[in-house]
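What follows is one structure encoded as structure tokens, with my remarks underneath.
The values are calculated or read from the model by the stated rules, or taken from the named source; none is laboratory data. These figures come from a predicted structure and were not determined experimentally. Heads up, the Cβs are rebuilt from the backbone with ideal geometry, glycines too, and the neighbour counts pull from every protein chain shown. Accessible surface is based on the protein model in full, side chains and every heavy atom, while ligands, DNA and RNA are left aside. Shrake-Rupley method; radii C 1.70, N 1.55, O 1.52, S 1.80 Å.
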Amino acid sequence: DYCDVPFCGDECDKADPDSCGCRNSKQQDYRGTTSTTATGKECVRWEDTPHYTPENYPYDSLQENFCRNPGGVYYEAWCIDMEGYHQLCNIPYCGETSTSQLCQDSDTDYCQCANMYEKDYTGTVNVTRSGLPCANWEVIGFFSVAHETLPAGSLNYCRNPDLWDQYGSRYKRDHAWCYTKDRYGGPFNLGWDYCDIPVCGGDNATCMEMDKTTCGCRNVNYADYRGNNSHTAWGDSCENWNKTKIINAGDYPDAGLDGNNFCRNPESSPNPWCSIDFWGDKKNRCYVPSCNPCSCKPPSCDLDSNTEACGCPSALQAEECCIEDNNDECRCEYLKVACRKSIEIGKADFCGEAFDTCCGGSADCMCSVTSSICFDSPGLVCNVAADYCC
């Protein structure tokens, strides 16, 4: 039988288990009285569930209908709602800031809410993080997915529908995902993988880089991620970087290894990874949420390295790449790109800053700047140029 041994971890030192749960214990230590799911549904009493009863899990404090994680079966505290679904409870992690504010007024056709486990995503991404095309949900069949939880028109787009577990109850995976092939060999030979959906949040107008403890930028293969996820994409615990046989952690002083076991990408692999005790000489891929690409600085200072349809990355370049050069002249070139990209999507978030930097308020200069942008990108931008020049 399992033993009730406390988990070590800096984020859990002196933590109050009545108010939060520790990430490195999958919130098995949570002992609070929250009894509703993340979506506001009431939990049933554990003694009334078919399997997760106090008798079967005597050391997991299955009191009344409070959110718990008996046996560590999921990554966070959860409960079963009145309809029999397994639902996560959105219990705060000890020592971490809540991400709920990131999703206010966000466009879930484009991004996903971390605190909703990506079940709100309704966009059209249809390839997995490993680049495999998604199979159509209808072609796959109804054998394991609770299809009434799939939004209409899901086709082969990444989603996070309910699944059935071995006890006949429903649950969700931690992130949006899809099946990766048709049912050639029967329903139990299907492949699946997580999808790379950007995290909602980040204000493109003020252009702030996102908190890299919650996500990583895919344009640098998530090498900037500094969160404390310490499990592989398949749920295995990572071993400490000082113990791995794959690299010498001391050779990567800026990679965020620091004697921890958190998922990182120190040498530009396609994905963040870690090693595990069982396969110490093999990279095991981790899942790390993607930051909003419009809040990610391009990997170089090339003017054309901002490949996103938004101006913020170019504005971030202006702050990062113009320290040693003539500051205003250098920043002007990046801000003109930021202005053009903003106009192309019907905004003008960075044009005022570009005019101030490039022109100092001169109307003739504003005409010149918008005209030069117009030649680079005809159409809507030229209409803006006409407003300043005529």
Residues in segment 314-331 that are buried (at least 20 other Cβ atoms within 10 Å of the Cβ) and in a helix (DSSP H, G or I) total 6
Counting only residues in segment 53-71 that are open to solvent by less than 10 Å² (accessible area, probe 1.4 Å) and farther than 14 Å from Thr39 by Cβ, the one modelled with the highest pLDDT is identified as Arg68
Cys43 vs (1) in contact with a Pro (Cβ under 6 Å, 6 or more places away or on another chain); (2) over 22 Å from Gly235 (Cβ atoms); (3) modelled with pLDDT of 85 or more; (4) crowded, with 20+ Cβ neighbours inside 10 Å: all pass except (1)
query = Mind checking whether some residue in segment 296-312 is hydroxyl-bearing (Ser, Thr, Tyr) and open to solvent by less than 20 Å² (accessible area, probe 1.4 Å)?
reply = no
Those residues of segment 263-294 that are open to solvent by 50 Å² or more (accessible area, probe 1.4 Å) and part of a loop (DSSP other than H, G, I, E, B) come to a total of 9
ask   = Among the residues of segment 224-247, is there at least one that is open to solvent by 30 Å² or more (accessible area, probe 1.4 Å), of a type outside the set (D, E, K, R) and at positive phi?
value = no
- Task: Could you check, for segment 351-374, whether at least one of its residues is under 32 Å from the mean Cα position of the chain (by Cα), modelled with pLDDT of 75 or more, open to solvent by less than 40 Å² (accessible area, probe 1.4 Å) and within 20 Å of Cys291 (Cβ to Cβ)?
- Result: no
*asked:* On the basis of being in a loop (DSSP other than H, G, I, E, B) and within 18 Å of Tyr93 (Cα to Cα), does Gln27 make the cut?
replied: yes
